[in-house]
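Here's the structure, in structure tokens; my notes come after.
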Amino acid sequence: MNFAEVVLLSAAGGVIAALAPLIYLFYYTRPVTFTVWTGAVAAFIGGFIFTLLALQWGLFYARFTYILALALLLVSIAYTYWGMFRRRWFAYLFAAAAWIYIILLAVVARALGLGDPFII
Amino acid sequence: MNWVALLVGVAAGMAVAFGRVYAERLVARYFGLVPPLLFKHRDVVVPFLVLATAANVYAIWITVAYGGIAAWRLSALIGLALTAAAQLVQLHIALRPTNRDLQLALISCTPYVYLFALYVAALATGRYSLWLF
């Protein structure tokens, strides 16, 4: 799987994660506010990173930090959906926990001079 | 089985379906009504747009990847043209919601019938290629 295929698949994952709740909200004529559009952007980023990491399954499936990152990203997307359906922006603060975790992993791996961010 | 074509097709189909519900909301707001009153068959049309666009993307991948276009087979060219026409009709369904949605959706299924007929004919005649003529 080359770089273009990985990017295409990740973008497709992000689009699917972002558009599923949007289609639901529009179909059932629920109110759509700025909070909902913000959630769509957050869900796109979450879905993109989730698919990007999930495509590396063969390399990292034995690492605890990798499995935890995937699980946290799923929880993050779920929190984003909660914020979109109930129009509560603070749900996105919970959703950001997974991103912060992945950024911390990357920073720690960089500081230790490791080749990949999934240290354990 | 090409997962890239399948997932990209589903994402494109969801984009088309989102365009449909967005257009429904705009039209309904213009007439001061709710969409379910105005569009009776939206429960069929919205999932149809997702599946049909995914099928179109996959059909184009089949036509291009298995050498039909490279060999200039007429059957492959017809398949590609039918798929492109179906995609145009489905975009019209999505962006201009009317009361003829179901008829247009039925008409836009011709490439799938055509490709399935090619598949059955290739199986029946024992040919190794989908592009029979």
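Just so it is clear, none of the values below were taken in a lab; they were calculated from the coordinates. None of the values given here were measured: they were computed from a predicted structure. Reconstructed Cβ throughout: ideal geometry from the backbone, glycine too, with neighbour counts over all protein chains shown.
Within segment B:2-42, take every residue that is more than 8 Å from every other protein chain (Cβ to nearest Cβ), among the hydrophobic types (A, V, I, L, M, F, W, C) and outside any helix (DSSP H, G or I) and give me the one that is surrounded by the fewest Cβ atoms within 10 Å (Cβ to Cβ). Checked segment B:2-42; the qualifying residue surrounded by the fewest Cβ atoms within 10 Å (Cβ to Cβ) is B:LEU33. Restrict the check to segment A:48-55 and report whether at least one residue is outside any helix (DSSP H, G or I), within 14 Å of chain B (Cβ to nearest Cβ), at negative phi and over 16 Å from the mean Cα position of the chain (by Cα). No, segment A:48-55 contains no residue that is outside any helix (DSSP H, G or I), within 14 Å of chain B (Cβ to nearest Cβ), at negative phi and over 16 Å from the mean Cα position of the chain (by Cα).
Taken together, A:ALA11, A:ALA96 contain a single residue that is away from every other protein chain (no Cβ under 14 Å) and in a helix (DSSP H, G or I), which is A:ALA96. Taking the criterion of being closer than 15 Å to B:LEU104 by Cα and of a type outside the set (D, E, K, R), the residues of segment B:31-46 that qualify are B:PHE39, B:HIS41, B:VAL44, B:VAL45, B:VAL46. Restricting A:PHE118, A:PHE94 to those that are of a type outside the set (A, V, I, L, M) and surrounded by fewer than 20 Cβ atoms within 10 Å (Cβ to Cβ) reduces the list to A:PHE94. If the condition is being assigned to a helix (DSSP H, G or I) and loosely packed, with under 14 Cβ neighbours inside 10 Å, then segment B:85-106 contributes B:LEU88, B:LEU95, B:GLN103, B:LEU106. The set of residues in segment A:16-47 being more than 9 Å from chain B (Cβ to nearest Cβ), of a type in the set (Val, Ile, Thr) and not in a loop (DSSP other than H, G, I, E, B) consists of A:THR35, A:VAL36, A:THR38, A:VAL41, A:ILE45.
Going by the conditions given, is B:ALA52 within 12 Å of another protein chain (Cβ to nearest Cβ) and among the small types (Gly, Ala, Ser)? No: the conditions fail for B:ALA52. Is it true that A:ARG63 is surrounded by fewer than 19 Cβ atoms within 10 Å (Cβ to Cβ), within 12 Å of chain B (Cβ to nearest Cβ) and in contact (Cβ under 8 Å) with a residue 40 or more places away in the chain? Taking the combined requirement at face value, the residue does not satisfy it.
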